[in-house]
Amino acid sequence: MRRRILIVGARLTGLALANGLRRARDVEVTIVEQAPVIAEAGWAIVLAERHLDALRQLGLDPGELSADPLSRVVMFDLDTSVPVAMARMGGRIMARSALQMWLYEPVRDQVRTGISPVAIADRGALVEAEFSDGGSGEFDAVVAADGIDSWTRRTVLGGPDASYAGSAVLRFQVPNIDGLEVTSMTSDGSLGYFLMNGGRTLNATVFLPGEPDNHRDHPLAALAERHRGLRGPLRSLVEAMRTEPVGYYANIHQVLTDRWTNGRITLVGDAAHAMSPRLGQGAGVGLQDAATLTELLTLPDLPVPAALAGFAAIRRPEAHRVQRQSHAATVRVGQRGVALGFQAGADLGTAQSVPQDWDELQEPVIG
């Protein structure tokens, strides 16, 4: 019997899941997306090797992506500009918009844009869904990948709203006019950049701990003034901030819920576990969700409710662990010498100088 799957949300996790399921026999996928067009901000996204492995499990080849490798990072004391730690990095960095369109193309015929669910009801043997365009349908499973403000989490499963994580973030990109060749950041985690576009672009991030909307109306030049004493490669970034490049400001929110699944309905990605971008983990964890759920939904003779319950049991502990790590790293932003989990002054290149967050997550500490 053909298994009908409704995916709510054509974001990274939803599209990744659709790519995995399209290879399965006897699975029919429908994706509804409330946005009228498929589009994402072009800010950077980092995927570690295990996240790239998740794409491979979904039958995708990450080698097709236009991405830059991550090699190493140098961290500088905010007050003295002295290097205090170095760490090796793995994985790749790319534009989020490029990743989304790459995931979208193979499944575009399954996506219905400008449509969202207005009612979802689990009837035991199937799920009934009604949509904003007046249509309706019956499905064997509903997978909600509708993001941090998930309608499904709040309305259907009775879950919580997102909560503020204690920091805002400002992202911007500037040309690498000085030919910098290494990723750099301050040791307190407040300012840093990755190299993109073959090293031609600095993808930069400023974390702003404090009340929501703190410094939202401050020009980048004013934020640059706070870092005017920096030397070395970060000085080049500070000078670029004075040119007022276009930036994207956001308050950081997270979602904490233990209720991912109920019967034939489940949450995935940010709908289930939105987290601070401080460790660059959110999108990658969502891709791992998609790989696990694809495998379980396509196992022979496994009922849908058992597959969804198993998905939550397998993925929830790991996602919650990464959420805790990401939130702890966010809380430490701005704390001299402790934000990255190492002691300032540690010998460069030694095991002691590798941030604990990287040691545990093998992931960069800037979003």
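The values are calculated or read from the model by the stated rules, or taken from the named source; none is laboratory data. Since the structure is predicted, the reported quantities are computational estimates derived from the model, not experimental observations. Note that each Cβ is placed from the backbone with ideal geometry, even for glycine, and that neighbours are counted across all protein chains shown. The accessibility values were calculated without ligands, DNA or RNA, using every heavy atom of the protein model including side chains. Shrake-Rupley method; radii C 1.70, N 1.55, O 1.52, S 1.80 Å.
Just to verify a result, which residue in the range 6-37, among those that are over 20 Å from S97 (Cβ atoms) and of a type in the set (K, R), is farthest from the chain's Cα centre (by Cα)? Selected residue: R25. Condition check for A87 on (1) touching a helix residue (DSSP H, G or I) at 6+ places or on another chain (Cβ under 6 Å); (2) hydrophobic (A, V, I, L, M, F, W, C); (3) free of Cβ contacts under 8 Å to residues at least 12 places away in the same chain: one failure, at (3). The residues of the range 114-142 that are in a strand (DSSP E or B), within 28 Å of R56 (Cβ to Cβ) and either open to solvent by 50 Å² or more (accessible area, probe 1.4 Å) or touching a helix residue (DSSP H, G or I) at 6+ places or on another chain (Cβ under 6 Å) (or both) amount to a single one, A141. Within the range 38-61, the set of residues being at pLDDT 95 or above, more than 16 Å from the chain's Cα centre (by Cα) and open to solvent by less than 40 Å² (accessible area, probe 1.4 Å) comprises L58, L60. The criterion of at least 1 residues that are open to solvent by 40 Å² or more (accessible area, probe 1.4 Å) and either over 17 Å from F172 (Cβ atoms) or at pLDDT below 95 (or both) is met by the following helices (runs of 4 or more DSSP H) wholly inside the range 210-285: 220-226, 270-273.
Within the range 301-319, track down each residue that is aliphatic (A, V, I, L, M) and assigned to a helix (DSSP H, G or I). Even if it seems obvious, please write down each step before you answer.
So the first thing to find is which residues in the range 301-319 are aliphatic (A, V, I, L, M), and the list is 302, 304, 306-309, 312-314, 319.
Selection gives V304, A306, A307, L308, A309, A312, A313, I314, A319.
Regarding the range 8-24, can at least one residue be identified that is assigned to a loop (DSSP other than H, G, I, E, B), touching a Phe, Trp or Tyr at 6+ places or on another chain (Cβ under 8 Å) and modelled with pLDDT under 95? No, the range 8-24 has no match at all. Listed by first and then second residue, the pairs linking a residue in the range 15-37 that is farther than 19 Å from R2 by Cα to a residue that is open to solvent by 30 Å² or more (accessible area, probe 1.4 Å) and outside any strand (DSSP E or B), with Cβ atoms under 6 Å apart and 6 or more places separating them unless they lie on different chains, are Q34/S116; P36/G114.
So which of M101, M89, M75, M94 is under 14 Å from the mean Cα position of the chain (by Cα) and of a type in the set (A, V, I, L, M)? Before you say what the answer is, go through the steps one by one.
Values: M101 fails: under 14 Å from the mean Cα position of the chain (by Cα); M89 fails: under 14 Å from the mean Cα position of the chain (by Cα); M75 fails: under 14 Å from the mean Cα position of the chain (by Cα).
Of M101, M89, M75, M94, the one residue that is under 14 Å from the mean Cα position of the chain (by Cα) and of a type in the set (A, V, I, L, M) is M94.
Pairing residues of the range 42-57 that are touching a residue at least 60 places away in the same chain (Cβ under 8 Å) with residues that are part of a loop (DSSP other than H, G, I, E, B) and open to solvent by less than 10 Å² (accessible area, probe 1.4 Å), at Cβ distances under 6 Å and at least 6 apart in sequence or on separate chains, gives V46/P364; A48/E363. When the range 149-170 is filtered for residues that are open to solvent by 50 Å² or more (accessible area, probe 1.4 Å) and of a type in the set (V, I, T), only T155 remains.
With the structure loaded, tell me whether D77 is open to solvent by less than 50 Å² (accessible area, probe 1.4 Å) and either over 21 Å from D289 (Cβ atoms) or aromatic (F, W, Y) (or both) or whether it fails that test. It is true that D77 is open to solvent by less than 50 Å² (accessible area, probe 1.4 Å) and either over 21 Å from D289 (Cβ atoms) or aromatic (F, W, Y) (or both).
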